[in-house]
There are 2 protein chains.
Amino acid sequence: MTQHEEQQTLQTYEQLKLCNQLCFPLYAASKEVVKHYRPYLKKLDLTYTQYITMMVLWEKREINIKELGDCLYLDSGTLTPLLKKLESKGYLKRSRLPADERNVMVTLTQTGSDLRQEARDIPGKMGTCVKLSQDEIQELRNLLHKLLETL
Amino acid sequence: MTQHEEQQTLQTYEQLKLCNQLCFPLYAASKEVVKHYRPYLKKLDLTYTQYITMMVLWEKREINIKELGDCLYLDSGTLTPLLKKLESKGYLKRSRLPADERNVMVTLTQTGSDLRQEARDIPGKMGTCVKLSQDEIQELRNLLHKLLETL
DNA sequence: TAAAATTAAATTGTGTGCAACTTAATTTCA
DNA sequence: TGAAATTAAGTTGCACACAATTTAATTTTA
């Protein structure tokens, strides 16, 4: 192996280190942030995935599963059982759309709407445990959105 | 409700929108990036979690489960079955440490070491599908590391 | 030094997350 | 128009991910 080839091999292996990855800190940070939500969500008897689902419903009141999946980057395999669970808690109703029976509409109930009150403080509380400046948070959010768009 | 209170309520609810969250783009981007790894990892018959585990082993050759969990932000509940699977594929050996029988040492095998060759191209291929500049990637990585440290 | 506390893995149970497939409804187009 | 293609949900199976608990080994300390 020539010196140049050896150099290349080292560089290649260097890239296989965890610390040089973009993906790994993304994966780890995502899990850690969700972990910080859990104690607050537990009080509402919601998981993180159930929480972001409710966030969409608080905003839109009504949405079909396909669109919901597009919002949340989740498929019906994940959403169907999750929505059944939220329905059993009384937070939403599921019903086939008469105009196109393939579609299932998910509609916020009064109970589900009321839950928003109890969730009000969560974003603020989370904000205080993230020790980044407002500028850094904005910058991070921008980069993540850019990354998401390109994928 | 006074105008001021109404204003505050609106602001509070504004923060409960998905687009104003930091956590959600983090969660979504993480999943999407992992999804892009999958076709490459499938050729090596590895899941993403198995891949990052192998990355640690390629770097350290030998590590106990506790430390591995600290590296990967994973606990024994996730790692024990995952390591058994990697052991059954012949990539590593697990053995109790004689000096302290509570510890299980995980050691890279020759087969596991050879796998590194086949994984060599993955970081480069992933790099090309992330449409961010080198500066942006570096900035994103820095912010994520900073976020991880503070949590 | 022996009981109490701590520690590391493993186990159990629940909830995603997703690929692959099935089912049923609707749309396309030959 | 009627068969083929497409679409939306649901189902199945596998692999995490983690809280909570258990087990076994080691360390602390009364």
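Table for the structure above
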{"item": "Condition check for A:L74: within 14 Å of chain B (Cβ to nearest Cβ) and farther than 24 Å from B:E14 by Cβ", "result": "no"}
{"item": "Lone unmet requirement of (1) within 8 Å of another protein chain (Cβ to nearest Cβ); (2) in contact with a strand residue (DSSP E or B) (Cβ under 7 Å, 6 or more places away or on another chain); (3) among the hydrophobic types (A, V, I, L, M, F, W, C) for A:V104", "result": "(1)"}
{"item": "Filter result for the condition that a residue is among the aliphatic types (A, V, I, L, M), closer than 17 Å to B:D45 by Cβ and part of a helix (DSSP H, G or I), over B:L83, B:L79", "result": "B:L83"}
{"item": "Top-ranked residue in the range B:20-45 [being more than 9 Å from chain A (Cβ to nearest Cβ) and in contact with a Lys or Arg (Cβ under 9 Å, 6 or more places away or on another chain); ranked as surrounded by the fewest Cβ atoms within 10 Å (Cβ to Cβ)]", "result": "B:D45"}
{"item": "Given (1) in contact with a His (Cβ under 8 Å, 6 or more places away or on another chain); (2) open to solvent by 30 Å² or more (accessible area, probe 1.4 Å), number of the condition A:M126 does not satisfy", "result": "(2)"}
{"item": "Cross-chain or 6+ apart pairs with Cβ under 9 Å, the range A:13-28 first and in a helix (DSSP H, G or I), then open to solvent by less than 20 Å² (accessible area, probe 1.4 Å) and at pLDDT below 85", "result": "none"}
{"item": "Entirely in the range B:108-151, the helices (runs of 4 or more DSSP H) that have 2 or more residues that are over 30 Å from B:L92 (Cα atoms)", "result": "B:122-129, B:134-150"}
{"item": "Yes/no for A:V33 being within 24 Å of B:L140 (Cα to Cα) and in contact with a Cys (Cβ under 7 Å, 6 or more places away or on another chain)", "result": "yes"}
{"item": "Selected residue (only one of A:Q138, A:Q110 is out of contact with any helix residue (DSSP H, G or I) (no Cβ under 8 Å at 6 or more places or on another chain) and closer than 21 Å to A:L57 by Cα)", "result": "A:Q110"}
{"item": "Residues within the range A:46-71 that are hydroxyl-bearing (S, T, Y) and open to solvent by 60 Å² or more (accessible area, probe 1.4 Å), tallied", "result": "1"}
{"item": "Criterion (of a type in the set (G, A, S) and more than 8 Å from DNA strand D (Cβ to nearest atom)) met by exactly one of A:G69, A:G77, A:G90", "result": "A:G90"}
{"item": "Neighbours by Cβ (under 8 Å, 6+ apart or cross-chain): first from the range B:123-151, in contact (Cβ under 8 Å) with a residue 24 or more places away in the chain; second open to solvent by less than 20 Å² (accessible area, probe 1.4 Å) and of a type in the set (F, W, Y)", "result": "B:M126/B:Y37"}
{"item": "Residue check, A:D114 surrounded by fewer than 18 Cβ atoms within 10 Å (Cβ to Cβ), under 18 Å from the mean Cα position of the chain (by Cα) and either within 9 Å of DNA strand D (Cβ to nearest atom) or of a type outside the set (S, T, N, Q) (or both)", "result": "no"}
{"item": "Condition check for A:V33: more than 9 Å from DNA strand C (Cβ to nearest atom), of a type in the set (V, I, T), in contact with a strand residue (DSSP E or B) (Cβ under 7 Å, 6 or more places away or on another chain) and assigned to a helix (DSSP H, G or I)", "result": "no"}
{"item": "Residue match in the range A:72-79 (condition: touching a residue at least 40 places away in the same chain (Cβ under 8 Å), touching a helix residue (DSSP H, G or I) at 6+ places or on another chain (Cβ under 8 Å), surrounded by 17 or more Cβ atoms within 10 Å (Cβ to Cβ) and closer than 20 Å to A:T107 by Cβ)", "result": "no"}
{"item": "Unique match (being at pLDDT 95 or above and more than 12 Å from DNA strand D (Cβ to nearest atom)) among A:L41, A:L57, A:L83", "result": "A:L57"}
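Yes/no per residue for (1) over 20 Å from A:L18 (Cα atoms); (2) touching an Asp or Glu at 6+ places or on another chain (Cβ under 9 Å):
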| site | (1), (2) |
| --- | --- |
| B:I63 | no, no |
| B:L68 | no, no |
| B:Y73 | no, yes |
| B:G77 | yes, no |
| B:P81 | yes, no |
| B:R94 | yes, yes |
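The values are calculated or read from the model by the stated rules, or taken from the named source; none is laboratory data. Source: prediction; values computed, not measured. So basically every Cβ, Gly included, is an ideal-geometry build from the backbone, and we count neighbours across all protein chains shown. Heads up: the accessible areas ignore ligands, DNA and RNA and are worked out on the full protein's heavy atoms, side chains in. Shrake-Rupley method; radii C 1.70, N 1.55, O 1.52, S 1.80 Å.
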